Each structure stands twice: as structure tokens, then as C-alpha cells.
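Structure first, commentary second.
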Amino acid sequence: MNIPHRTHHVTPSKALWTTFHYFMLFLATALVISPLFIAFISSFKTPLEMLRGEKTDLPANWGNLANYASFIERQPVGIAFYNTVFIITVALIIVILVGTMAAYVISRFRFRGRALVLVLYVIVMAVPPITTQVSLYQVMLHLGLVNSKWALIVLFSGTDIVSLYIFITYLGAISTEIDESARIEGASYVRIYWSVILPLMTPAISTVVILRTIYMYNDFVLPYLYTPRVEQSTVSMLLYKASDMMSSNTEAILMAGIVIVIAPTIVLFALLQRQIVSGMMRGAVKG
């Protein structure tokens, strides 16, 4: 018995659109990767190669790590990474606890003003952050948090609407019968949240952790405003303070610094990209 094969007819307009689609994807990819590629190859070049050659020329010696050693020697790399890891870790703990608690209350309880809470979250997210920086700085100054890592921790700890949405949509897929069974056993709401709900929300928590970590690691505005001192510097401020290396003799050292700073986020995203996509898709489908 011969099974007929379905043939797909490609029209000229469809072929043209597909070609244009992939060309734009290739162009966008090239625009994103090109600066990273130039920084990477430049970090292995000598000052003479940077001066005489083109930016896209490959280095003569791929084992030249002198630029990396010079950057680490000249800049407080260890302090910057310590501050960044400390700020991100403390802020993430607060974000997870506050966000999951808020999602648990909003998803499981019906109370007056519930809709207003969600509306207020949306309104706050709709306001451009730059318009509130003056008043926010005055508040941080009044609290004595300026020139302190705790200013960044407080500001980064706010659970945005995206994180709250991920928590709420994921929690909505968890059956309320679990809560009811725990209540019958005599467990309090706090016990249910801590022992039942929080462990079940691990996939949503991991997604938020990844997204918030990349955001906090790359942010420049808040560290620039609130931690200008060297001993409080984050990795983003590290590059800003090293920008005076843009000369023929030190540009390659600055490129090495750029690679040092961006490498952790690239590695993190490459290793966990499936978790990021699956977490976002899981929340969208369950919502």
C-alpha cells in the first residue's frame, strides 16, 4: 500500500519572507556578538597590535594573559566581585521570601483590596524609574544608606511585577486541596507556606533567581548613585572606573577587564538558558 506523501509548495513570496526573516536574525545576532568578539580578541593583543592593526585582526599570541594580569593588578577586582555576590545573594533571599509570600496571599485568599494590590504593582512598574531617582535618593540619604551596599540591597529587593506574575501563575497551578489537607492536619498557614508551598515553587523560584541575578549583575545606574566609593564598588562600577584606560597603551587591558566582567553572565546564561525559557513558558501555560 502506497502512502501518499504530502508535498509543501513554497511560493515565491513565502520564500522571500523566509529569507528576509533569517537575514534579519543573522544581522541582529552579528550586531550583538560583534562587540563581544572584538573585546575578546583584543584582550590577547599587545599594545603594538592594538595601535597598528585593525580591531578585527586576530592576536598573534592567544596565550598572552598579560592584559588580564594587569587589569587584576590595577583594579579592585576581588572587592568588586565580593560586593556584587553579597548584594545579589541578600537581595535574592528577600525577593524570594517577599515575592512568594505575596503570591501565596494573593492567590490563596480573597480579601478586600486584593485587586488594588495588583493594580498598585502595575502602576509602580509603569512609572519610569529615572523619574523617581531624586526623591528615592533623598529617602536613602535620610535613612543613612548612601555609600553603603545596603542601599542597593534595599532597592534590588523590591519584587517587580514580572517576578510576582511568575510566582502567582505557578502557584495557581498547585491544587488548593494540598492546603486543605494540611489545614485538616492542624498546620497553620505559615507552616503550609514554609513546608508545602515554598518547596513546590522551586521551578518558579529558580527562574526568578536567574532573571533577577542577571539584572542586578548588569545594573549600572543604582551602583553609580549609591556606591561611588571604591570599597563599595560592584562589577559594573569597576568597568566605569577603569574607563580611563582607553588609550593606545592600555586599551587592551580594558578589553581584558570587559571579558572578566561579562564572562560570568555569559556562562550563567549558556548553562541555564533552558531553565530560563522553560520557566517562563511554564508560567505562561499554567497561567
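The values are calculated or read from the model by the stated rules, or taken from the named source; none is laboratory data. It should be emphasised that the depicted structure is a prediction, and the values quoted were computed from it without experimental measurement. Ideal geometry is used to build each Cβ from the backbone, glycine not excepted, and the neighbour counts take in all protein chains shown. Surface areas here come from the heavy atoms of the whole protein model, side chains and all, with no ligands, DNA or RNA. Shrake-Rupley method; radii C 1.70, N 1.55, O 1.52, S 1.80 Å.
If you sort the three axes of the alpha carbon gyration tensor as a ≥ b ≥ c, you get a/c of 1.5 or more for the range 137-248 and a/b above b/c, which makes it prolate.
Each of (i) 13; (ii) 6; (iii) 38 is a candidate for percent of Cα pairs over 36 Å apart; the one calculated from this structure is (iii). Using θ = phi - 60° in the Karplus curve 6.51 cos²θ - 1.76 cosθ + 1.60, the 3J(HN,Hα) couplings for the range 206-219 round to 5, 5, 5, 4, 5, 5, 5, 5, 5, 5, 5, 5, 8, 5 Hz; x is entered for Gly and Pro. With the simple spin-label model, which puts each label point 7 Å out from Cα in the Cβ direction, the ALA115 to THR132 separation comes to 2.3 nm. Compared with the direct C-alpha span, the chain from THR56 to LYS241 gains 64.0 nm at full extension, assuming 0.36 nm per residue. Annotation note: trypsin sites (Lys or Arg not before Pro) in the range 99-151 located in DSSP loop regions with a Cβ neighbour count of at most 11 within 10 Å are ARG110, ARG112. Per atom type, the chain shows carbon and sulfur on 69% of its accessible surface, probed at 1.4 Å.
Couplings 3J(HN,Hα) of the range 68-78, computed from phi: 5, 5, 5, 5, 5, 6, 8, 10, x, 5, x Hz, in residue order, whole Hz [Karplus 6.51 cos²θ - 1.76 cosθ + 1.60, θ = phi - 60°; x for Gly and Pro]. Measuring with a 1.4 angstrom probe and ignoring ligands and nucleic acids, TYR189 comes out at about 110 Å² accessible. Solvent exposure of the chain, expressed per residue, is 61 Å² of accessible area, with all protein chains present and a 1.4 angstrom probe.
Take every pair of alpha-carbon atoms less than 8 Å apart whose residues are at least six positions apart; their mean separation over the length of the range 155-262 yields a relative contact order of 19 percent. If you take the Cα centroid of the range 158-191 and the Cα centroid of the range 202-258, the two points sit 35 Å apart. In terms of distances greater than 28 angstrom between alpha carbons, the cross-link table entries LYS45/LYS149; LYS14/LYS55; LYS149/LYS241 yield LYS45/LYS149; LYS14/LYS55. For the range 169-276, a crude dipole built from +1 on the beta carbon of Lys and Arg and -1 on the beta carbon of Asp and Glu, taken about the Cα centre, is about 100 debye to the nearest 20. Our summary gives the range 1-105 a relative contact order of 16 percent, counting only alpha carbon pairs under 8 angstrom and 6 or more residues apart. Projecting the Cα positions of VAL90, ILE123, GLY113 onto the charge dipole of the range 11-132 (unit charges on Cβ atoms of Lys, Arg, Asp and Glu, taken about the Cα centre) puts GLY113 furthest along the positive direction. At the residue level, TRP194 shows approximately 150 square angstrom of accessible surface with a 1.4 angstrom probe and all protein chains present.
Given a 1.4 Å probe and the protein chains as shown, PHE20 ends up with an accessible area of around 100 Å². How large is the Kirkwood hydrodynamic radius of the range 183-248, counting all unique pairs of alpha carbons, in Å? Its Kirkwood hydrodynamic radius stands at 15.5 Å.
Per the helix-only calculation at 222 nm, which mean residue ellipticity applies to the chain, given -39500 (n - 2.57) for every DSSP H run of n ≥ 4 and division by its residues, nearest 500 deg cm²/dmol? Counting only the DSSP helices, I get -22500 deg cm²/dmol. Using a cutoff of 8 angstrom between alpha carbon atoms and counting only pairs six or more residues apart, the relative contact order for the chain works out to 32 percent. Note on the chain: with charges restricted to the Cβ of Lys and Arg (+1) and Asp and Glu (-1), its dipole about the Cα centre is near 700 debye. Can you bin the range 1-119 into rounded, prolate or oblate? Criterion: square roots of the alpha carbon gyration tensor eigenvalues sorted a ≥ b ≥ c, rounded for a/c under 1.5, prolate for a/b above b/c, oblate for the rest. Oblate shape, in that a/c is at least 1.5 and b/c is the bigger or equal ratio. What residue among ILE266, ILE88, ILE253 shows peak mean-square fluctuation when the chain is described by a Gaussian network model with Cα springs under 10 Å? Highest fluctuation among the options: ILE266.
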